[in-house]
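Novice: Quick one: the structure is below, questions incoming.
The values are calculated or read from the model by the stated rules, or taken from the named source; none is laboratory data. Because the structure is predicted, anything quoted here is derived from the model rather than measured. Positions of Cβ are generated from backbone atoms using ideal geometry, with glycine treated the same way; all protein chains shown enter the neighbour counts. The accessibility values were calculated without ligands, DNA or RNA, using every heavy atom of the protein model including side chains. Shrake-Rupley method; radii C 1.70, N 1.55, O 1.52, S 1.80 Å.
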Amino acid sequence: MKIYLDNAATTKIFPEILKEMTGVFEEYYANPNAIYSDAQKSRNLIEESRRLITDFVGSESEEIFFTSCATESNNTIIRGLAEQFPQKNEVVISPIEHKSVLNPVKFLQRKGFKVKFLKIDKNGLIDIDDLKNKINSKTLFVGVIHGNNETGVIQDIEKIGKICKEKEVYFFSDVVQTFCKEKINLDYLDFFSVSGHKINAPKGIGLFYKNKDTQIVPLLFGGGQEKGLRSGTENVAFIKFLADAVKIWNENNQQKISYLKEIRDEFENQLQKEIPEIEIISKSVSRVPNISAVIFPKVDAQSMVIGLNSENVMVSSGSACSSGTPTPSHVLLSYGYSEKETLRYVRFSFGLMNKKEEIYESVKRIKTVFDKLYNFF
Ligand code: PLP
């Protein structure tokens, strides 16, 4: 039995969506920007999908913009704000952002922006006093990820947003890992980004929310689709699949979240019983329900991931591996972990399609692989 425990990286597509795919592509083939009736069918499908999402989010239709992925959403927001407000040249962000936020911000830095990184405590929470001190009249925006993709730690974006509002700076949050799993209060948020493939829609579709009172310069110029902010013929079918995924997640949502928590907690309890020396990162603070970040004693994460792969368990190590040499996770380094500790960190992430028996079976296989490697190292 193959066991997939890398749902924070991507999820399997909901079977209901897989089933309807061919039919949607056949029926809604026409360009939604034309005026004949089949084109209007495509247009209506997009707007129905947008309405479904705005109802769930609590926004207005004109505040949701479809993109190809969250990376595009993050780039559009960050670079769009910088272009729109050239008189502001400072940015305050957390050091634990996803690369799709960190790298566009680094791009701004190369163009002369001052980037201020927030302090993070050992549990991965940002220091609120530090945030207050770092904002000034030159600050363009504050960017803080909602649920961290490596550890699952959730930031108090309401509290952060209130401070930003008081200080009159824009607040942007990457909610990719929390969308459909945690409530998002729009009272204090100006922008957020979402990725379809993290919630069982296909890869290649994302969106962003932009408060209607704020203007930004588009990243792409062209035919002016998506109210001028995302030119390019809309991906009609994928927009529908994204809306379908949101709809499915929100049917008995609390039950789904409870299930994820239950299997995550059971996994952690069982694993801790088998290998008591593991450390589960940030276990005592609020986390997304489906991510478990584990530091193993002695054994490096790459070997664990490869060993588990040969046992048919798919997981991820937090360290990026380019040219064969693992580089430590910037997230864990920001928490204050040593380089050695970060290289022993493995991420297990659960999804709605994981069965309980997979949890017990995966712990057995992890124990087998760990024991072999422990004796070897
Ligand atoms: N933000 C976070 C927190 C993520 O986990 C990811 C995906 O790994 C992204 C952004 C990028 O998403 P996409 O693959 O849709 O560009």
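Novice: So, in segment 99-114, of the ones that are more than 16 Å from the ligand (Cβ to nearest atom) and buried (at least 16 other Cβ atoms within 10 Å of the Cβ), which residue ends up farthest from ASP174 (Cα to Cα)?
Specialist: For segment 99-114, the residue satisfying everything is PHE113.
Novice: Return the residues of segment 81-98 that are within 16 Å of the ligand (Cβ to nearest atom) and part of a strand (DSSP E or B); say none if nothing qualifies. Write out each step before concluding.
Specialist: Of the residues in segment 81-98, the ones within 16 Å of the ligand (Cβ to nearest atom) are 93-98.
Listed by number, the list holds a single entry, ILE93.
Novice: Right, something else. Go through (1) within 16 Å of the ligand (Cβ to nearest atom); (2) under 30 Å from LYS240 (Cα atoms) and name the single condition ASP55 misses.
Specialist: Condition not satisfied by ASP55: (1).
Novice: I want to confirm something. Restricting to segment 145-165 and keeping residues that are surrounded by 20 or more Cβ atoms within 10 Å (Cβ to Cβ) and part of a helix (DSSP H, G or I), which single residue is farthest from the chain's Cα centre (by Cα)?
Specialist: Residue satisfying both the conditions and the ranking: CYS164.
Yes or no, residue by residue, for (1) under 19 Å from PHE171 (Cβ atoms); (2) in contact with a Leu (Cβ under 7 Å, 6 or more places away or on another chain); (3) without any contact (Cβ under 8 Å) to a residue 60 or more places away in the chain:
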position	(1), (2), (3)
THR11	no, no, no
THR22	no, no, yes
ALA39	no, no, yes
PHE66	no, yes, no
SER73	yes, yes, no
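Novice: List the number of the failed condition for ILE96; all other conditions in (1) more than 17 Å from LEU189 (Cα to Cα); (2) open to solvent by 10 Å² or more (accessible area, probe 1.4 Å); (3) within 16 Å of the chain's Cα centre (by Cα) hold.
Specialist: (2)
Novice: Could you check, for segment 195-204, whether at least one of its residues is more than 18 Å from the chain's Cα centre (by Cα) and outside any strand (DSSP E or B)?
Specialist: First, the residues of segment 195-204 that are more than 18 Å from the chain's Cα centre (by Cα): none.
No, that holds for no residue.
Novice: Just to check your reading of the model, which residue among VAL142, VAL176 is touching a residue at least 12 places away in the same chain (Cβ under 8 Å), within 16 Å of the ligand (Cβ to nearest atom), surrounded by 18 or more Cβ atoms within 10 Å (Cβ to Cβ) and within 18 Å of the chain's Cα centre (by Cα)?
Specialist: Details: VAL142 fails: within 16 Å of the ligand (Cβ to nearest atom).
Criteria check complete, one pass: VAL176.
Each row is one residue, and each column tells you yes or no for (1) of a type in the set (Asp, Glu); (2) at pLDDT 95 or above; (3) touching a Phe, Trp or Tyr at 6+ places or on another chain (Cβ under 8 Å); (4) buried (at least 17 other Cβ atoms within 10 Å of the Cβ).
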site: LYS261; (1), (2), (3), (4): no, yes, no, no
site: LYS273; (1), (2), (3), (4): no, yes, no, no
site: VAL294; (1), (2), (3), (4): no, yes, yes, yes
site: VAL313; (1), (2), (3), (4): no, yes, no, yes
site: GLY336; (1), (2), (3), (4): no, yes, no, no
site: LEU352; (1), (2), (3), (4): no, yes, yes, yes
site: ILE359; (1), (2), (3), (4): no, yes, yes, yes
site: LYS364; (1), (2), (3), (4): no, yes, no, no
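Novice: Tell me whether segment 32-50 contains one or more residues that are within 26 Å of ASP156 (Cα to Cα), at pLDDT 95 or above and either within 16 Å of the ligand (Cβ to nearest atom) or hydroxyl-bearing (Ser, Thr, Tyr) (or both).
Specialist: Step one: of segment 32-50, the residues within 26 Å of ASP156 (Cα to Cα) are none.
Within segment 32-50, none of the residues are within 26 Å of ASP156 (Cα to Cα), at pLDDT 95 or above and either within 16 Å of the ligand (Cβ to nearest atom) or hydroxyl-bearing (Ser, Thr, Tyr) (or both).
Novice: Does GLU168 satisfy the criteria of being outside any helix (DSSP H, G or I), open to solvent by 10 Å² or more (accessible area, probe 1.4 Å), charged (D, E, K, R) and more than 18 Å from VAL288 (Cα to Cα)?
Specialist: On the way: outside any helix (DSSP H, G or I): yes; open to solvent by 10 Å² or more (accessible area, probe 1.4 Å): yes; charged (D, E, K, R): yes; more than 18 Å from VAL288 (Cα to Cα): yes.
Yes.
Novice: I've got another one for you. Looking at segment 32-66, which of the residues that are of a type in the set (Ser, Thr, Tyr) and open to solvent by less than 70 Å² (accessible area, probe 1.4 Å) is farthest from SER193 (Cα to Cα)? Please lay out each step first, then the result.
Specialist: Here is the first cut: in segment 32-66, the ones of a type in the set (Ser, Thr, Tyr) are 36-37, 42, 49, 54, 59, 61.
Narrowing further to those that are open to solvent by less than 70 Å² (accessible area, probe 1.4 Å): 42, 49, 54, 59, 61.
Working: SER42: 24, SER49: 17, THR54: 14, SER59: 14, SER61: 15 Å.
Checking each candidate, the answer is SER42.
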